[in-house]
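Heads up: the structure comes next, in structure tokens.
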2 protein chains.
Amino acid sequence: MPYRSDSGQSARGNNLDTVRKHNLSVVLGLVHRRGPASRSRLTEATGLNRSTIAALVGELVELGLVVESEPSASNRVGRPSPVVAPDASVVALAVNPEIDAVTVGVVGLDGTVHHRVREATDRVPTAAEAVAIVATVLDGLRADLASYSRVVGIGVAVPGLVREEDGMVRLAPHLAWVDEPFASELADATGFPVLVANDASLGANAERLFGAGTHASDLVYLNGGASGVGAGVIARGAPLTGIAGYAGELGHTLVNSAGVRCHCGAIGCLDTEVNQGALMRALGLESADIDEIDRALAASESPKVAAEVERQLGFLSVALRNAVNVFNPQLIVLGGFLGSLFEAAPARLEQLVTESVLTAAGESLRIVRAELGSSLLMVAAAELAFASLLADPATIAEG
Amino acid sequence: MPYRSDSGQSARGNNLDTVRKHNLSVVLGLVHRRGPASRSRLTEATGLNRSTIAALVGELVELGLVVESEPSASNRVGRPSPVVAPDASVVALAVNPEIDAVTVGVVGLDGTVHHRVREATDRVPTAAEAVAIVATVLDGLRADLASYSRVVGIGVAVPGLVREEDGMVRLAPHLAWVDEPFASELADATGFPVLVANDASLGANAERLFGAGTHASDLVYLNGGASGVGAGVIARGAPLTGIAGYAGELGHTLVNSAGVRCHCGAIGCLDTEVNQGALMRALGLESADIDEIDRALAASESPKVAAEVERQLGFLSVALRNAVNVFNPQLIVLGGFLGSLFEAAPARLEQLVTESVLTAAGESLRIVRAELGSSLLMVAAAELAFASLLADPATIAEG
DNA sequence: TGATTTTGTTGTGTTGGCAAACATATAAGG
DNA sequence: CCTTATATGTTTGCCAACACAACAAAATCA
């Protein structure tokens, strides 16, 4: 299938450096994403010669990015192959500003969340306040951070539209942030390089790498939270960003021509029709804990709840119909309260979607609930900070 | 911006062969897509050393894929650089079955359409009939085809859903084809390798490579024809295919909850609300010639026509709002009668779209009319057939 | 006409990965 | 327990691809 892979290529030529860079990136990426692996497994996965793998792993060890350990007992014939694992003491900082808190995490290259600090705020934090909170938290972690071999930078997951180029938060409606140069301000305040992106886009990527979407090259992720519906799309194995980084806003596609006006200015957005507030009111719940929503949904026999679930599933299915016809994904991943809605009536949602999508596009489709729980956004944001290291291990780790 | 490019990478390692393959592909791709170029320009564009370019071009000449010609008078200081051009005698065959004809073309690697044969049919052709027509036409061209140095294969643009893997036409509603194994049957009948894809997806790619979308990495293409609205999306410089090749069906996204049922089974699709028939009825036209529609629209002062244009633009703008919020493209390209509609009131459509999309996503957006005219689908389908050659010139041209 | 500039050409050097031969560590079999 | 088979790490030499530098050629410019 040449048509799908070509054309996207750049006009730049390759040379030997490119090969080395690529191969280092592939090896580091494999152990980072799929976990520790023996050298023989890496040989198999990459198709490279085992002497080449030895050299690549050796270089990554010298760079302090991976560690080699004694082979585990494999009960297999032949000389045991040493296990290569990402160095957990290479870490990224993850930041997630929300309407009632700012969360800061320390995440290892091996995926473990070493620390997580959730600083609750008594009101919605401004961008400046969020920067200050992060700076303070990092100050408190100073001793801890010094114990790691390397801190690659800060990745930030923001519930809003973020300009990819410079990390400018163009609009985060629920935080009431407009055109906040968050990346540069946080970089100035902390001294770390900072990358910022939309929380749901990062979430989609994290679910693909470590969660429900492992091995899926084309998936659509929808997350329902207190601040609306966020979405992210993975196409051809890579996050869909669009020209400036604003792509994937499925929450602002039409699901109801007779709907109300959304804060975005349009009519009948998914975001206005499907929302946590209405569901919680029907359930009579106060807190927004997902487990609690799950329990309440499972326990409820109220027809009012059933009607509300049916209503929201109906509109959700319209958005999914559009997404399926447009993206032909193999997987739809539902997170947050959308996961609860789905789990309340999985067959119903599947039926609604199957009925309305183009038959062919619906064939290879599965709908699943998100797997990554509360650590999702920490891992997701860290991945953003790790990206350049993973893409070019030698240069970044040296520089 | 590492986040956008990484992650999509395969787990395979690179070696020297990969480098050579890539570089040959890049050079051939450059002259194919951007036209003849001097060796010095290739050096600049690829970043490779000029001795390397010399070797690469030499190999491509030996493979019979490009020709080197005398430098053109450039009026610049320094030794003139020979011009490298794709070999026009390397050709692909292009096929496009429609409701009232089957068109077959011969397209050179340099983009020239050497031949075009439109075989009109008195009724909608079946798949078997279309295969027979193509076989007959090619038989008639046998002498001509023998004069080319190489015929790489057949690319087919079908107005319907095509399974990428094997070229099975899953559903072409207006042709009334269902699950027709068109690629394999045409391959059996002609002896050529055959690749099949959706016409609008191929059109999107062609407009990006040779038409209105040159240099655009993220664009949405919508084409309106007698058989409905087709669409294709280019994301990150490559066609969006989805997991099986069905992606990009913007014609089947919701634009009107109160709309009628579409042949696809869903309600209120763009395809049902915006269509050529209604426009032609309002204009009192019979033929479906685009130039005629343009003229009639420009000349009309009828309020009924104005109302119909406004109605269709309204629904079109809803589809575009969804597309812009989801893809954040830098360009929307409108072809067929959608181009006519746009040209009838460009400011109006731009206003409708700007009002309803997320502000940030609308900033870097331009809406333009398609540039490629009647040769579009020939070039587009040929591109499909050329794809594997362009991706791996040495192997394909030798084998 | 000679200086300058640009680029093709040629020979040499560097580098990355491959292949083969060898070494080593495990399991299986008697 | 020793031998054999198997898988994989290790080492060495080789090859392919590109970069670089020196030189040659072909144009403009003064």
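Nothing in this text is a laboratory measurement; each read-out follows from the coordinates by a stated rule. Being a predicted model, the structure only gives us computed values, none of them experimental. Reconstructed Cβ throughout: ideal geometry from the backbone, glycine too, with neighbour counts over all protein chains shown.
Would you grab the residues whose amide H sits under 5 Å from the one on B:Ala212? Only those 5+ places off in sequence or on another chain, please, with H modelled 1.01 Å from N. Those lying under 5 Å, H to H, from B:Ala212 are B:Glu371, B:Leu372. When the Cα convex hull of region B:27-130 is projected onto planes of every orientation, the mean area is 8.8 nm².
Between region B:137-198 and region B:337-390, the C-alpha centres lie 26 angstrom from each other. With all projection directions averaged, the alpha carbon convex hull of region A:96-184 covers 5.9 nm². Of B:Ile53, B:Ile290, the sequence from fewest to most neighbouring Cβ atoms within 10 angstrom is B:Ile290, B:Ile53. Counting, for every residue in A:353-363, the Cβ atoms of other protein chains within 10 Å of its Cβ and taking the mean gives 6. Per-residue mean of foreign Cβ neighbours for A:13-26 is 6 (Cβ atoms of other chains, 10 Å radius). In degrees, nearest 10, range 0 to 90: what is the angle between the Cα axis of helix B:303-327 and the longest Cα principal axis of chain B? Taking Cα atoms only, the helix is inclined about 50 degrees. From the Kirkwood radius over Cα pairs of region B:188-293, Stokes-Einstein at 25 °C and 0.890 mPa s returns a whole-number translational diffusion coefficient of 158 µm²/s.
Rounded to the nearest 500, the 222 nm mean residue ellipticity of the protein assembly as shown from helices alone is -13000 deg cm²/dmol, with -39,500 (n - 2.57) taken per DSSP H run of at least 4 residues. A straight chain from A:Arg150 to A:Gln351 at 0.36 nm per residue would run longer than the Cα-Cα distance by 67.4 nm.
Highest average first, the peptides B:66-77, A:84-95, A:377-388, B:256-267 ordered by how many other beta carbon atoms sit within 10 Å of their residues are A:377-388, A:84-95, B:256-267, B:66-77.
In sequence order, region B:243-248 has phi-based couplings of 6, 10, x, 9, 5, x Hz under the Karplus curve 6.51 cos²θ - 1.76 cosθ + 1.60, θ = phi - 60°, and Gly or Pro positions carry x. In the assembly of identical copies, A:Arg34 has its label point, taken 7 Å from Cα in the direction of the beta carbon, separated from the corresponding points by 3.6 nm (ascending, one decimal).
For region B:94-106, putting each phi into the Karplus relation 6.51 cos²θ - 1.76 cosθ + 1.60 with θ = phi - 60° gives couplings of 10, 10, 9, x, 10, 6, 10, 5, 10, 9, 10, x, 10 Hz, in residue order, rounded to whole numbers and with x for Gly and Pro. Where does the charge balance sit around B:Pro181 when Lys and Arg score +1, Asp and Glu -1, over other residues with C-beta under 13 Å from its C-beta? Computed value for this residue: -4. Cα convex hull, region B:342-389: 116 Å³ per residue, rounded to a whole number.
Here's the picture: charge each Lys and Arg Cβ at +1 and each Asp and Glu Cβ at -1 in the protein assembly as shown, and of B:Ala235, A:Val333, B:Ala85 the one pushed furthest to the positive end of that dipole is B:Ala85. Ordering B:Arg50, A:Arg123 from the fewest to the most neighbouring beta carbons within 10 Å gives A:Arg123, B:Arg50. For A:Asp166, inter-copy separations between label points set 7 Å beyond Cα along the Cβ vector come to 5.3 nm, shortest first. Convex hull volume of the C-alpha atoms in region B:2-86, normalised per residue: 131 Å³. Coordinate range of the alpha-carbon atoms in chain A per principal axis, descending: 65, 50, 47 Å. Summary value for chain A: 16 percent relative contact order, contacts being C-alpha pairs under 8 angstrom separated by 6+ residues.
Closest approach of any chain A Cβ to the axis that rotates A onto B belongs to A:Ser257, 2, distance given in whole Å. With respect to chain A, whose longest principal axis is taken over its alpha-carbon atoms, helix A:127-140 is tilted by about 40°. Here the translational diffusion coefficient of the protein assembly as shown follows from Stokes-Einstein with Rh set to the Kirkwood radius across Cα pairs; for 20 °C and 1.002 mPa s it amounts to 76 µm²/s.
Computed 3J(HN,Hα) for region A:232-241, one whole-Hz value per residue from the Karplus formula 6.51 cos²θ - 1.76 cosθ + 1.60 where θ = phi - 60°, is x, 10, 10, 10, 6, x, 10, x, 7, 10, glycine and proline marked x.
Close amide H pairs (under 5 Å, H built 1.01 Å from N) link A:Ser38 with A:Val84, residues at least 5 positions away or on another chain. Using the Kirkwood radius built from alpha carbon pairs, what does the Stokes-Einstein equation give as D for region A:216-353 at 37 °C and 0.692 mPa s, in µm² per second? It comes out at roughly 214 µm²/s.
Can you list, shortest first in nanometers, how far B:Arg281 lies from the same residue in the other copies, with each label 7 Å from Cα toward Cβ? Inter-copy label distances (nm, one decimal, shortest first): 4.1. Ordered by the number of other Cβ atoms lying within 10 Å of each residue's own Cβ, fewest first, B:Asp122, B:Asp218, A:Asp100 fall into the sequence B:Asp122, A:Asp100, B:Asp218.
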